[in-house]
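**Student:** Below you will find the structure I want to go over with you.
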Ligand code: HEM
């Protein structure tokens, strides 16, 4: 009898503590019912990419949607207003990341930045990003490296056999080599800014903070985890974005012509585009923003995680729930982008104040709030410079027999959301020959 009572009590407790039990007393956002045990996991495992499935579900259930993924409550924000609630109004409540085995293993036990829970260590990491790794001075100090890599990219492209239609993928896959120190005299802090690459900076910081209390110090494994985050964020994402931009320009010859005209006018045919030209190239800037609007490499950002029970727009979001922001759906929402929001139209951004730095919730390629990408300035330079130089230096065309509308724009979700099918295009040099040989 006593055993039966204990079992009954355990059962009732388990029921009350389980998501479905608690659900009775929670006012969860609307959402699909899902299947027993797996919830809505089946819908996300289909052929369609998750951001598209979630956008279709949100169209039915609403801009703040609840799903059960296995036994987890999951909440998805799919409109400007709900994204603002998640990333701004309740920023702190959702500033965590879900803990996953993969995140733990790849970040040496949450010692990087991306997967690290919101706490003292993460705050130290973000401070390092702002003051040491991605500060304006640091980003500027790598300008020469970016320019050298750009030269290497166009040289490589020019060296290809012009008769062969070629895939841009191997070319765009190239990424900055480790920046090499360029000796600088002066105070030690100045030496650290000017003379070192990011690996040196991190090793120095690890040494400097060795004696501090553990949460504010950077251990050796932290250095490795930081470098991994930087490589993952810093190489593929920029290359993938450049590839999307060239693909869209090939599909829209009028936009390619407008970009080329601007470059001819502002830069001229006697030299390559330099970073100081970029502020004078509003159309190139618009092409990059429009590419990031239609093809955000992180369409659902990086998942956030509710640190505490929170009421959002009158609905309960329970502590522990992963919270997703569907930046892809928001960037194609008719309410913000009227008339054909799926169409590539750089003109949206000409004379408009919308930027990508997290203040305009209709365009969130880098996220917003506490967890916003800390490197958006660093990322935008090679992307804008890459698009500008590839358009300036080459006349692009599709292989014979391929029409612009035939270029597949299917995406594939991986580390970044990239083209499913590599781009194949012909690039013919259009500047003076000696420019392609120059290394500086
Ligand atoms: C086109 C280029 C890039 C795009 C579109 C991009 C986008 C993003 C997005 C959407 C997030 C998540 C924001 C959120 O969770 O709300 C993020 C986070 C992050 N990105 Fe980037 N990123 C890019 C380039 C870079 C580069 C170049 C680096 C480093 C060198 C970098 C480092 C990071 C880090 C460390 C985080 C995690 C921040 C945190 O969790 O506190 N990203 N990025």
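The values are calculated or read from the model by the stated rules, or taken from the named source; none is laboratory data. Nothing here was measured: the structure is a model prediction, and the numbers come from that model. Every residue, glycine as well, gets a Cβ built from its backbone with ideal geometry; the counts of neighbours run over all protein chains shown.
**Student:** Of these, 26, 44, which one is at pLDDT 50 or above, surrounded by 10 or more Cβ atoms within 10 Å (Cβ to Cβ) and either on the phi > 0 side of the Ramachandran plot or under 32 Å from the mean Cα position of the chain (by Cα) (or both)?
**Tutor:** After ruling out the rest, the residue left standing is 44.
**Student:** Moving on. What is the residue count in region 298-327 for residues that are part of a strand (DSSP E or B), closer than 12 Å to residue 65 by Cβ and over 26 Å from the mean Cα position of the chain (by Cα)?
**Tutor:** Summing the residues that are part of a strand (DSSP E or B), closer than 12 Å to residue 65 by Cβ and over 26 Å from the mean Cα position of the chain (by Cα) in region 298-327 gives 1.
**Student:** Here's a check for you: in region 407-438, which residue that is out of contact with any helix residue (DSSP H, G or I) (no Cβ under 8 Å at 6 or more places or on another chain) and not in a loop (DSSP other than H, G, I, E, B) is farthest from residue 264 (Cα to Cα)?
**Tutor:** Step by step, filter region 407-438, then rank; the result is 412.
**Student:** How about region 52-84: which of its residues are surrounded by 22 or more Cβ atoms within 10 Å (Cβ to Cβ) and within 16 Å of the ligand (Cβ to nearest atom)?
**Tutor:** Hits for region 52-84 are 54, 74, 75, 76, 77, 78, 82, 83.
**Student:** On to the next question. Any idea which of 120, 136, 95 is touching a residue at least 24 places away in the same chain (Cβ under 8 Å) and within 11 Å of the ligand (Cβ to nearest atom)?
**Tutor:** Residue meeting the stated conditions: 95.
**Student:** Run residue 326 past the list (1) surrounded by fewer than 15 Cβ atoms within 10 Å (Cβ to Cβ); (2) within 15 Å of the ligand (Cβ to nearest atom) and report the number of the one that doesn't hold.
**Tutor:** Residue 326 satisfies all of (1) surrounded by fewer than 15 Cβ atoms within 10 Å (Cβ to Cβ); (2) within 15 Å of the ligand (Cβ to nearest atom) except (1).
**Student:** Related question: Among (1) within 16 Å of the ligand (Cβ to nearest atom); (2) in contact (Cβ under 8 Å) with a residue 12 or more places away in the chain, there is one condition residue 231 misses while meeting the rest; what is its number?
**Tutor:** Only one criterion is unmet by residue 231, namely (2).
**Student:** Oh, and also: State whether one or more residues within region 353-371 are surrounded by fewer than 21 Cβ atoms within 10 Å (Cβ to Cβ) and more than 16 Å from the ligand (Cβ to nearest atom).
**Tutor:** yes
**Student:** Can you name every residue in region 282-317 that is farther than 26 Å from residue 419 by Cα and either within 11 Å of the ligand (Cβ to nearest atom) or touching a helix residue (DSSP H, G or I) at 6+ places or on another chain (Cβ under 7 Å) (or both)?
**Tutor:** Listed by number, the residues that qualify are 305, 306, 307, 308, 310, 312, 313.
**Student:** Here is a list: 416, 408. Which entry is assigned by TED's automatic domain parsing to the domain that holds residue 241 and within 15 Å of the ligand (Cβ to nearest atom)? Spell out the reasoning first.
**Tutor:** Numbers: 408 fails: within 15 Å of the ligand (Cβ to nearest atom).
Within the list 416, 408, the selection yields 416.
**Student:** How about region 374-387: which of its residues are in contact with a helix residue (DSSP H, G or I) (Cβ under 7 Å, 6 or more places away or on another chain) and within 7 Å of the ligand (Cβ to nearest atom)?
**Tutor:** Matches in region 374-387: 374, 375, 378, 379, 383.
**Student:** Pull up region 60-102, narrow it to residues that are assigned to a helix (DSSP H, G or I) and in contact with a strand residue (DSSP E or B) (Cβ under 6 Å, 6 or more places away or on another chain), then point me to the one that is farthest from residue 360 (Cα to Cα).
**Tutor:** Filtering region 60-102 for residues that are assigned to a helix (DSSP H, G or I) and in contact with a strand residue (DSSP E or B) (Cβ under 6 Å, 6 or more places away or on another chain), the one farthest from residue 360 (Cα to Cα) comes out as 93.
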